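The values are calculated or read from the model by the stated rules, or taken from the named source; none is laboratory data. Here the structure is a predicted model, which is why all the values come from computation and not from measurement. Cβ coordinates were reconstructed from backbone atoms using ideal geometry, including for glycine residues, and neighbour counts include every protein chain displayed.
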Amino acid sequence: MKKKLTASKAPKPIGPYSVAVSYGDLIYTCGQIPLDLNGNIAGEDIKTQTRQVIENLKNILEENGSSLDKVIKTTVYLKDITEFMGMNEVYNEYFAESTPARSTLEAARLPKDAKIEMDVIAAR
């Protein structure tokens, strides 16, 4: 059965969607952009924004009985694919041991002009 999940340590959704949902033993997060808890974009560079996105995802997962180590799949959307190396450097700090499957693509424009958006699927 599908269940809506919440997270107090992650930014609130900026639209009509859930921060995450669970179905069985899986958690599906919404796409996270680099928002801090006040709803502001964190930093102007890809590394700072990537770190904020992953910290948001980490908080969502941990508040709902999972962790970054249990991430099965990530999807990364970059405003500019030439910033892949900077994103990948920070991504590797968090996922070097667990290395989930990943798709990365360039998106013409992301909400609030963010440089990155990422969603994950994780086990509980």
> Looking at the stretch 1-54, what strands (runs of 3 or more DSSP E) fall wholly within it and have at least 3 residues that are in contact (Cβ under 8 Å) with a residue 40 or more places away in the chain?
Replying inline: 26-29
> Restricting attention to the stretch 63-88, which residues are of a type in the set (Ser, Thr, Tyr) and either in contact (Cβ under 8 Å) with a residue 12 or more places away in the chain or closer than 16 Å to residue 21 by Cβ (or both)?
Replying inline: 66, 67, 74, 75, 77
>> Yes or no: the stretch 48-69 includes at least one residue that is at pLDDT 95 or above, of a type outside the set (Ser, Thr, Tyr), surrounded by fewer than 20 Cβ atoms within 10 Å (Cβ to Cβ) and more than 25 Å from residue 123 (Cα to Cα).
In response: no
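Can you tell me which residue within the stretch 99-124, out of those that are small (Gly, Ala, Ser) and touching a residue at least 40 places away in the same chain (Cβ under 8 Å), is surrounded by the fewest Cβ atoms within 10 Å (Cβ to Cβ)? Break it down stepwise before answering.
Step one: list which residues in the stretch 99-124 are small (Gly, Ala, Ser), which gives 101, 103, 107-108, 114, 122-123.
From the residues that got through so far, the ones that are touching a residue at least 40 places away in the same chain (Cβ under 8 Å) too are 114, 122-123.
Working: 114: 22, 122: 27, 123: 15.
Ranking the qualifying residues of the stretch 99-124, first place goes to 123.
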> Among (1) at pLDDT 95 or above; (2) over 23 Å from residue 87 (Cα atoms); (3) β-branched (Val, Ile, Thr), where does residue 14 come up short?
Replying inline: (1)
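Does residue 65 meet the test of being part of a loop (DSSP other than H, G, I, E, B) and either among the aromatic types (Phe, Trp, Tyr) or in contact with a helix residue (DSSP H, G or I) (Cβ under 6 Å, 6 or more places away or on another chain) (or both)?
On the way: part of a loop (DSSP other than H, G, I, E, B): yes; either among the aromatic types (Phe, Trp, Tyr) or in contact with a helix residue (DSSP H, G or I) (Cβ under 6 Å, 6 or more places away or on another chain) (or both): no.
Against the criterion (part of a loop (DSSP other than H, G, I, E, B) and either among the aromatic types (Phe, Trp, Tyr) or in contact with a helix residue (DSSP H, G or I) (Cβ under 6 Å, 6 or more places away or on another chain) (or both)), residue 65 does not qualify.
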